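Participant: Have a look at the structure that comes next, please.
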Amino acid sequence: MQRSVVVVGAGPAGMAAAMEAALRGCRVTIIDEARLPGGQVYRQADGSLIGEEYADAAELNRKHRLLEKFDRAMSSLDYRSGCSVYAVFPNGEVHFAEQDHTRVLRPDAIVLATGVRELTIPFPGWTTPGVMFAGGAQAILKSQHVLPGRNAVVAGCGPLPIVVAAQLLRAGGQVAAVASLHPLKSMLHHAGSAWQGRDILLEGARYAWTILRSRVPRLTGFVPVRAFGKDHLEAVVLALVDKSGKVVPGTEREFACDLLAVNYGFVANSELAAMAGAKMRRDPVAGGWLPVADLYGRTSVPGILVAGDGAGLRGALIAESEGAIVGATAALGHTSGEPDLDSTDLCKAVAQRQRYLKFQAAVRGSLHVPLGLWALATSGTTVCRCENVGVAEILEVLQDGHHSLNAIKRNSRAGMGWCGGRTCLHAIDALAELHAGVVPHEMMTPRPMARPVAFAALARLEKVQSK
């Protein structure tokens, strides 16, 4: 009997997994929230919009090659765009909203290729209009071909702030300053690992050259500590921090701007894996709470597999290779042991994944965030935007002895709102460690709805599709 596979997410990992499973004769449904495939890194603009793409030429070549391959495979896939998967249950059911209906599938295997979201570090003024994640600013540029701001400050750690600053400049915007928590040359401390990603480093060098030739002020070791503005962002204060994340007095510098694009790394979208009952582990640098999985993406729940950054932050090149490996594993149906990955292309995918995993050892050094940065948030700073819960309320709950993430949620309402804790979860985790000296051992329990769903869709539940 033909195996059925559901793939959640149409980024590089999801597209590769869907194509590989279909190639091996499976009936494949791929579900994605976006209207067009590509995920964040290969995000597409509507074909009716006229505009350039400002990514590096090598990245654009990878993007168009994968999207063209996916387009050719579309006839063998059941591709559901603009749909939100809001629940995956231990019994193997996948619930997703499609317009005003809920569809329920129960396939032989589920591949979760759900990607990541950006890490939140609250500070005074971070909710001011014009302050956004660097990836959000990049998404606007990619999908709409418009500048999210005319005069930007870009800040954070790791490679993304450099990439976004360069792309804003290439699009005709101004960048008032680039603040990097760590010098990117720190990646060269792991010279052997960095060499494995020399092609990616070359792309990074071209982005860095765009910034250098534009003579943008670059501040190493600086972070945003305050943002000002009534109806919109007007200025940002950057300050030098020491190794613990504490602000060095007298180092504050103010920059006028209408956009602050900030990125301190990423958090895995692992809620669906946890909801399905997968065993989880905590790795703050690799994406927070991650599903425990083997080299073939198999979790502790038979039939539930994970691929790409949702299984641990590793980048688009690994995501595509890993997607193919996991898609083949899902198609073969082996729940243990080493599956027979017999094709030449899959052998290449295994080798490429291994190569870029070594490179990630160098990248991770640039993503370290000292715990002291969460002390930037004052008592009146909002932590949970959905429920308007501030630091003072979190501290009060901690002082009352509620130290688990679930207990903090119950007693403060943080994490109960529209995003289900996806924005504030990691910040609450860090605040518990910073102010109460406790590291929560379990993630906040994810429950349906993992994504916002219209009541109309819930009211129209379509009959479960059997295997």
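Participant: Could you tell me which residue of segment 381-401 is most open to solvent (accessible area, probe 1.4 Å), considering only residues that are of a type in the set (A, V, I, L, M) and in contact with a helix residue (DSSP H, G or I) (Cβ under 8 Å, 6 or more places away or on another chain)?
Facilitator: 395
Participant: In segment 185-219, which residue that is assigned to a loop (DSSP other than H, G, I, E, B) and at pLDDT 95 or above is most open to solvent (accessible area, probe 1.4 Å)?
Facilitator: 215
Participant: Follow-up. In this structure, is residue 372 open to solvent by 10 Å² or more (accessible area, probe 1.4 Å), at pLDDT 90 or above and in a helix (DSSP H, G or I)?
Facilitator: yes
Participant: I'd like the full set of residues that are assigned to a strand (DSSP E or B) and surrounded by fewer than 18 Cβ atoms within 10 Å (Cβ to Cβ), limited to segment 60-79.
Facilitator: Within segment 60-79, 78 is the sole residue that qualifies.
Participant: Within segment 90-104, is there a residue that is open to solvent by 30 Å² or more (accessible area, probe 1.4 Å), among the aliphatic types (A, V, I, L, M) and more than 16 Å from the chain's Cα centre (by Cα)?
Facilitator: For segment 90-104, residues open to solvent by 30 Å² or more (accessible area, probe 1.4 Å), among the aliphatic types (A, V, I, L, M) and more than 16 Å from the chain's Cα centre (by Cα): absent.
Participant: Of all residues in segment 144-173 being buried (at least 18 other Cβ atoms within 10 Å of the Cβ) and among the small types (Gly, Ala, Ser), which is farthest from the chain's Cα centre (by Cα)?
Facilitator: It comes out as 173.
Participant: Continuing with this model, one more query. If we only count strands (runs of 3 or more DSSP E) wholly inside segment 276-324, which ones have 2 or more residues that are farther than 25 Å from residue 342 by Cα?
Facilitator: The strands (runs of 3 or more DSSP E) meeting that bar are 280-283, 288-291.
Participant: Go over the candidates 308, 303 one by one and state the one that is at positive phi, open to solvent by less than 10 Å² (accessible area, probe 1.4 Å) and not charged (D, E, K, R).
Facilitator: When all the criteria are applied, what remains is 308.
Participant: Hey, among the residues in segment 259-280 that are modelled with pLDDT of 95 or more and either of a type in the set (Lys, Arg) or on the phi > 0 side of the Ramachandran plot (or both), which one's least open to solvent (accessible area, probe 1.4 Å)?
Facilitator: 277
Participant: Here is a further query. When residues of segment 17-59 are filtered for being over 19 Å from residue 334 (Cα atoms) and either charged (D, E, K, R) or open to solvent by 10 Å² or more (accessible area, probe 1.4 Å) (or both), how many remain?
Facilitator: Residues in segment 17-59 being over 19 Å from residue 334 (Cα atoms) and either charged (D, E, K, R) or open to solvent by 10 Å² or more (accessible area, probe 1.4 Å) (or both): 27 in total.
Participant: Still on this structure, I have one more. Could you count how many residues in segment 418-467 are acidic (Asp, Glu) and either open to solvent by less than 50 Å² (accessible area, probe 1.4 Å) or touching a Ser or Thr at 6+ places or on another chain (Cβ under 6 Å) (or both)?
Facilitator: 1
Participant: Pull out all pairs, ordered by first then second residue, where Cβ-Cβ is under 7 Å, the residues are six or more apart or on different chains, the first lies in segment 329-344 and is closer than 16 Å to residue 25 by Cβ and part of a loop (DSSP other than H, G, I, E, B), and the second is at pLDDT 70 or above and aromatic (Phe, Trp, Tyr).
Facilitator: Listed by first residue and then by second, the contacts come to 339/296.
Participant: With the structure loaded, tell me whether residue 182 is within 15 Å of residue 365 (Cβ to Cβ) and either more than 24 Å from the chain's Cα centre (by Cα) or at pLDDT below 85 (or both) or whether it fails that test.
Facilitator: Against the criterion (within 15 Å of residue 365 (Cβ to Cβ) and either more than 24 Å from the chain's Cα centre (by Cα) or at pLDDT below 85 (or both)), residue 182 does not qualify.
Participant: Output the residues belonging to segment 228-258 that are in a strand (DSSP E or B), in contact (Cβ under 8 Å) with a residue 24 or more places away in the chain and either open to solvent by 10 Å² or more (accessible area, probe 1.4 Å) or touching a Cys at 6+ places or on another chain (Cβ under 9 Å) (or both).
Facilitator: Selection gives 228, 236, 241, 247, 253, 255, 256.
The values are calculated or read from the model by the stated rules, or taken from the named source; none is laboratory data. Keep in mind the model is a prediction, meaning the values are calculated, not measured. So basically every Cβ, Gly included, is an ideal-geometry build from the backbone, and we count neighbours across all protein chains shown. Each accessible area value is taken on the protein alone, full model and side chains, heavy atoms only, with ligands, DNA and RNA left out. Shrake-Rupley method; radii C 1.70, N 1.55, O 1.52, S 1.80 Å.
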